[in-house]
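Asks: One structure, as structure tokens, below. Some questions next.
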Amino acid sequence: MRGPFVLSKYGVDMVVPPRMLGVVALSNTRDSLEVIKRTDRSACEEIKSYFNQYKYFWVEFASCAKEAFQIECEIFHGQLAKKSNGRVHPKAPAESAWHCPVCQQ
């Protein structure tokens, strides 16, 4: 993922093109991810919705919704699944037949 970047309107606008989809991560520290979310519409708008909650963001762009799901799964298994904070595996859209590229879930 690209980042960490300071979560400010200027920072987001400089790094994230409008209407680009992908995966965003958010945190209050520069060295760990607290939240990871797939965006099937606009990563820029998704990140901006967290201005008052987090200080830093990371982003990884995707060319389509399926690729965004796959990236989210890979980051989940690589970064978040190790931590036992009750984190839940990302879910594919209900209308899709997609499976996690890591665990096939």
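Asks: How about segment 19-54: which of its residues are out of contact with any helix residue (DSSP H, G or I) (no Cβ under 8 Å at 6 or more places or on another chain) and buried (at least 16 other Cβ atoms within 10 Å of the Cβ)?
Replies: 27, 42, 43, 46, 50, 54
Asks: Only residues that are farther than 19 Å from residue 91 by Cα, charged (D, E, K, R) and assigned to a helix (DSSP H, G or I): list them for segment 29-55, please.
Replies: Selection gives 45, 48.
Asks: Filter segment 56-66 down to the residues that are touching a residue at least 40 places away in the same chain (Cβ under 8 Å), of a type outside the set (Ser, Thr, Tyr) and not in a loop (DSSP other than H, G, I, E, B) and list them by number.
Replies: Selection gives 57, 58, 59, 60, 61, 65.
Asks: Here is a list: 60, 74. Which entry is under 13 Å from the mean Cα position of the chain (by Cα) and at pLDDT 95 or above?
Replies: Sole residue among the options that is under 13 Å from the mean Cα position of the chain (by Cα) and at pLDDT 95 or above: 60.
Asks: Working only within segment 50-73, note down all residues that are within 15 Å of residue 25 (Cβ to Cβ) and among the small types (Gly, Ala, Ser).
Replies: Passing the criteria: 62, 68.
Asks: Residues being in a loop (DSSP other than H, G, I, E, B) and either modelled with pLDDT of 95 or more or under 14 Å from the mean Cα position of the chain (by Cα) (or both): count how many of those fall in segment 5-28.
Replies: Counting residues in segment 5-28 that are in a loop (DSSP other than H, G, I, E, B) and either modelled with pLDDT of 95 or more or under 14 Å from the mean Cα position of the chain (by Cα) (or both) gives 5.
Asks: Another one. Run residue 76 past the list (1) over 21 Å from residue 11 (Cβ atoms); (2) in a loop (DSSP other than H, G, I, E, B) and report the number of the one that doesn't hold.
Replies: For residue 76, the failing item is (2).
The values are calculated or read from the model by the stated rules, or taken from the named source; none is laboratory data. Please read these numbers as outputs of a predicted model, since none were measured by experiment. In this analysis, Cβ positions are derived from the backbone assuming ideal geometry, glycine residues included, and neighbour counts consider all displayed protein chains.
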